[in-house]
C-alpha cells in the first residue's frame with residue numbers, strides 16, 4: 001500500500017488555510033482586540049510588561065519579534081495614555097526599563113478577564129475528550145515550530161510545574177543541605193524585589209536561577225540556585241539567566257548581588273568572577289559555603 005504525502009505547495013496551502021480559520025475564529029482581524037481599547041499588538045505589549053516587571057524594551061522587541069521603530073511608536077502611545085512607564089537605564093540611556101502604571105494594571109486585568117471569557121465560550125461547545133486533544137495539539141504545534149536551540153528566559157510567578165522540578169535537580173546535583181520549602185519559595189516569588197527565572201531550550205525547561213532580597217544588607221539581593229542541566233550546557237544559558245537576574249535587580253533599585261558557593265564548584269566560581277563578582281566577608285550562616293562573593297550592579301556614572 002502506498003502512502004501519499006502532500007508536497008510542499010500543498011503543505012503551505014494547508015497551513016495558510018488553518019491560519020485563515022483561527023485568525024477569524026479568535027477575532028484577531030478586528031481593529032480592536034476583544035472589541036476593547038487596544039490593538040492586538042498593544043494588548044500583547046501590555047500583557048508582557050505586566051508579567052515581566054523590569055522588562056527592557058529591547059528584550060520585549062525580541063520576544064514579540066517586532067520592528068524596533070514600530071515597537072517604539074506603540075510604547076510611546078501607551079506611555080502618553082499613562083499606561084506604561086519607561087525609565088532610561090543610567091548605564092545606557094538607549095535602554096528603557098518598562099513597567100505598568102496603575103491604569104495599565106487595570107487595563108491588563110480587564111483584558112485578561114475578557115480573553116478568559118472568550119476562550120471559555122469557545123471551549124463551551126467542546127467535550128472533555130475534545131479539549132484534551134486540543135491542548136495536546138497546541139503543545140505539539142508549539143514544540144514542532146519552536147526554533148531548534150532557541151533559548152527563552154521566563155520569570156515565574158508561581159512555584160509549580162517546572163520550577164520545583166529544576167530546583168530539586170539542583171539540590172541533588174550539588175548535595176544541598178539547607179533546602180527551601182515550597183512555601184518559602186513562593187514567598188520569594190511574591191516579593192517584588194525577588195524572583196525566579198527559568199530557561200527554556202525549545203520547549204524544555206533546562207535551567208533556573210533565584211534572586212532573594214537580603215534583609216540584612218541594604219540595597220542588596222542574593223543570587224541562589226543557578227543551575228543548567230548537563231545536556232543543555234553550551235548554549236550560554238547560565239549567562240542569560242544571570243543577565244535577566246541582574247537586569248531585574250538593577251531595575252528594582254538593588255545595588256549589590258551577593259552569593260555563596262563552595263570550593264569544589266570551580267566552573268561556577270570562575271563564571272561569577274568573570275562577570276565581576278569579587279570576594280567578600282561571610283554574610284550568612286550556610287554551613288556548606290566556603291566562598292563568598294558580591295557584585296556591584298549599580299549604574300555607573
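Brief remarks on what is shown
- For the residues 136, 162, the requirement of being outside the structural domain of residue 48 (by TED's automatic domain parsing) and over 15 Å from residue 197 (Cβ atoms) singles out 136.
- Verdict on residue 274 being in the same structural domain as residue 174 (by TED's automatic domain parsing) and without any contact (Cβ under 8 Å) to a residue 24 or more places away in the chain: yes
- Positions within segment 160-176 being farther than 20 Å from residue 214 by Cβ and part of a loop (DSSP other than H, G, I, E, B), in sequence order: 160, 161, 175
- Number of the condition not met by residue 10 [criteria: (1) at pLDDT 90 or above; (2) out of contact with any helix residue (DSSP H, G or I) (no Cβ under 9 Å at 6 or more places or on another chain); (3) more than 30 Å from residue 197 (Cα to Cα)]: (1)
- Hey, residue 107 in contact with a strand residue (DSSP E or B) (Cβ under 9 Å, 6 or more places away or on another chain), outside any strand (DSSP E or B), surrounded by 11 or more Cβ atoms within 10 Å (Cβ to Cβ) and at pLDDT 85 or above or not: yes
- Which listed residue is under 30 Å from residue 86 (Cα atoms) and in contact with a helix residue (DSSP H, G or I) (Cβ under 9 Å, 6 or more places away or on another chain), from 238, 249: 238
- Hey, residue 271 touching a helix residue (DSSP H, G or I) at 6+ places or on another chain (Cβ under 7 Å), under 19 Å from residue 292 (Cα atoms) and surrounded by fewer than 18 Cβ atoms within 10 Å (Cβ to Cβ) or not: yes
- Checking the stated criteria, residue 289 turns out not to satisfy the condition of being over 30 Å from residue 85 (Cα atoms), in contact with a strand residue (DSSP E or B) (Cβ under 9 Å, 6 or more places away or on another chain) and modelled with pLDDT under 90.
- Here residue 189 fulfils each of the conditions (1) surrounded by fewer than 15 Cβ atoms within 10 Å (Cβ to Cβ); (2) in a helix (DSSP H, G or I); (3) within 17 Å of the chain's Cα centre (by Cα) apart from (1).
- All conditions in (1) in a loop (DSSP other than H, G, I, E, B); (2) more than 18 Å from residue 269 (Cα to Cα); (3) at pLDDT below 90 hold for residue 152, with the sole exception of (1).
The values are calculated or read from the model by the stated rules, or taken from the named source; none is laboratory data. Since this is a predicted model, take the numbers as computed values, not measurements. Heads up, the Cβs are rebuilt from the backbone with ideal geometry, glycines too, and the neighbour counts pull from every protein chain shown.
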